[in-house]
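*Asks:* Below is one structure. I have some questions about it.
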Amino acid sequence: MLVCTVLITLIFSSLLFNTQIDNLKKQVDNIYFGNLIPIVKLQIILDNYQKIIFCKNNKHPCLIDEEKKAILQEWNYYNQAFKNKEERMVVDTINEEIYASFNENNIQKFKNILARVDFLIQYETQVAFKERKKFVEDYQNMKNYLFYSIAIILFLSFIVIVYIMFQVIKKDKQLTVLNKKYKIDSITDSMTNLYNRKYFDTIFDNMPFIANANNWKCAFIMIDIDYFKQYNDTYGHDMGDIALKKVASALKEYFDKKYEFVFRLGGEEFGVVLFDITEESIENCLKEINYKILELEIEHKNSKILDIVSISMGAIIYEPHTYISANKLYKQADECLYKSKENGRNQYHIYKG
């Protein structure tokens, strides 16, 4: 639509310009043929009368047939051209005098006609000046008309183009927001706002390749809320959802650095993938996150170990270039989580290969 608008504007401007140029050409033609040619004709008549007078003054006998023929031929052309009412009265009078001058063949008559033709040349010249002045005014008006017309067309086209661009940008922003929202929604767990299992599979499956490429140690932590079934049975699923959100929020708040990803794997189970870590830092993380969850002090009176919500964790550390599959790493972390549960929960185990 934008391209069509620009094309239509250019075509319309060109047509308008060409139309006005054609009108200008007609005016130039009218000036040229309407004013220049009559003056040329009269000048030829004047020259031939001067030849006749010169001949009459200096030669005996004097032959004027050739000059007479040229005068009558040019005069008839001039006489038949359009004349207004006042011009016609003057020209008709001179017409009679011209024919009478040849009948009488009198030098004085020829001199009188010479003066009359000279008067017509001056008159036609004045008319030509007036026409030229009028043409210059019309030309200036036409120039202004073209300028303002094209300016208005371009201004209106600019408004249309700006409007179209605004709509395009608006739609593009809407699509960007929708795409961004869709992208976020597609990788986010709706309840906890953590990354979902689908995105976990993408990140975790690529963890060994990323670690090998960057020569990083990486870690995967599995986290499970202790006795969560009993929590739901005691407090109800709505309170269970609130507890999940609180635990998720604590995890997300703690693991907020670059290359730290927190996922809800399903139910009360969470996962954390950490890139570029050390064995010491992973141990500190496990201790601190265990303490952070206890700090929440979420009541759990039917827990078999504490009267508040706690978590059990299992972790593995991937050494770069050991080429252990993601599937095997997951099983190893799951084994560590199982050990934490078997040994009384509210604790962590790191896989030792």
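*Asks:* Output the pairs from LYS198/LYS287; LYS41/LYS130; LYS41/LYS109 with a Cα-Cα distance over 26 Å in this structure; if there are none, say none.
*Replies:* LYS198/LYS287
*Asks:* ALA151 versus ASP92, label points 7 Å from Cα toward the beta carbon: distance in nm?
*Replies:* If labels sit at ALA151 and ASP92, their model points lie 5.1 nm apart.
*Asks:* Which entries of LYS173/LYS331; LYS304/LYS331; LYS217/LYS252; LYS56/LYS133; LYS257/LYS352 show an alpha-carbon separation above 32 angstrom in the structure shown?
*Replies:* Those over the limit are LYS173/LYS331; LYS56/LYS133.
*Asks:* A further question on this structure: With a Förster radius of 41 Å, plug the Cβ-Cβ distance of ASN103 and ASP138 into 1/(1 + (r/R0)^6) and report the FRET value to the nearest 0.05.
*Replies:* 0.35
*Asks:* What is the spin-label model distance, in nm, from THR125 to ASN57 if the labels are put 7 Å beyond Cα along the C-beta direction?
*Replies:* Each label point is offset 7 Å from its Cα along the Cβ direction, giving 2.0 nm.
*Asks:* Averaged over all directions, how much area does the convex hull of the C-alpha atoms of segment 197-351 cover when projected, in nm²?
*Replies:* 8.4 nm²
*Asks:* Could you pull out every one of the lysines with an alpha carbon less than 20 Å from that of LYS170, ignoring same-chain neighbours closer than 8 positions?
*Replies:* Excluding near neighbours in sequence, the set is LYS180, LYS181, LYS183.
*Asks:* Which distance in nm do the two modelled labels at TYR338 and TYR199 give, with both placed 7 Å along the Cα-to-Cβ direction?
*Replies:* Going by the 7 Å Cα→Cβ label model, 3.0 nm.
*Asks:* Next question, about the same structure. Which percent, to the nearest 5, of DSSP beta bridges fully inside segment 197-351 are antiparallel? Numbers along the way, then the final one.
*Replies:* Numbers: 22 of 25 bridges.
Close to 90 percent.
*Asks:* Related question: Hey, what's the per residue convex hull volume over the C-alpha atoms of segment 43-162, in cubic angstrom?
*Replies:* Numbers: hull volume 16.0 nm³, N = 120.
Dividing the Cα hull volume of segment 43-162 by its residues yields 133 Å³.
*Asks:* If R0 is 30 Å, what FRET efficiency do you get for GLU279 and LYS246 from their C-beta distance, rounded to 0.05?
*Replies:* For R0 = 30 Å, the calculated efficiency reads 0.55.
*Asks:* For Cα pairs less than 8 Å apart in space and 6+ apart in sequence, what is the mean separation divided by the residue count of segment 207-353, i.e. the relative contact order in percent?
*Replies:* 33 percent
*Asks:* For a label point 7 angstrom out from the Cα of LYS304 toward its Cβ, which stretches of segment 331-345 have the backbone nitrogen within less than 12 Å?
*Replies:* The answer is 341-345, whose backbone nitrogens lie closer than 12 Å to the label point.
FYI, it's all coordinate maths here, none of it is from the lab. For clarity, every value in this text was computed on a predicted model and none was experimentally measured. All Cβ positions, even for glycine, are placed from backbone atoms using ideal geometry, and neighbour counts span all protein chains on display.
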